[in-house]
Amino acid sequence: MEIPWYYFLYLYRAFVDALSLCEEPMKLHASELNRDQYLGRWLFIAAASSSPSSLRTFTSADSTLFSMTQSNDPQRLQLQAAIRLKTGQCVPRSWIYLLKEGSADLATEGVPT
C-alpha cells in the first residue's frame with residue numbers, strides 16, 4: 001500500500017506545531033496601532049468562516065475596495081468602501097473609526113457600543 005506524500009507533510013506540520021509554544025496574542029491599544037500599515041487602498045475579494053451564518057453578510061457581495069485615510073483629527077480614521085454586488089451594482093459606504101486613548105478597541109462613530 002502506497003501512502004501519499006502529503007500525509008507525511010501533515011504529520012510533520014502537526015509535530016512542529018506540537019513542539020512550538022505559541023503565546024497568546026496581546027491586544028494593542030488603538031492609540032498604539034501603526035496607522036501607516038493600514039492606511040491606503042485594500043481589495044477584499046473573499047471571506048472565510050467556520051459557520052455559514054457568519055458569511056451571510058458577504059453572500060451578495062462580489063468584491064469590495066476599501067480606502068483608509070487619516071482625518072485631520074489624529075483620533076479619527078476615515079474608511080470608505082465601494083462594494084461591488086454580484087448583480088454588478090456598486091454600493092458606496094463610509095465609516096469613521098474613533099481611536100480611544102488607553103483602549104484596545106476601535107469605536108465606530110454613530111454606532112452604539
For strands (runs of 3 or more DSSP E) lying entirely in region 34-113, having 3 or more residues that are surrounded by 10 or more Cβ atoms within 10 Å (Cβ to Cβ) and among the hydroxyl-bearing types (Ser, Thr, Tyr) picks out 61-70
Only one of Leu85, Leu77 is under 18 Å from Leu39 (Cα atoms) and either of a type in the set (A, V, I, L, M) or out of contact with any Leu (no Cβ under 6 Å at 6 or more places or on another chain) (or both), namely Leu77
Determine whether region 20-33 contains at least one residue that is at pLDDT 70 or above and more than 20 Å from Leu79 (Cβ to Cβ). no
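The values are calculated or read from the model by the stated rules, or taken from the named source; none is laboratory data. This is a predicted model, so every value here is computed, not measured. Methodologically, a virtual Cβ is constructed for each residue, glycine included, from the backbone with ideal geometry; neighbour enumeration extends over all protein chains shown.
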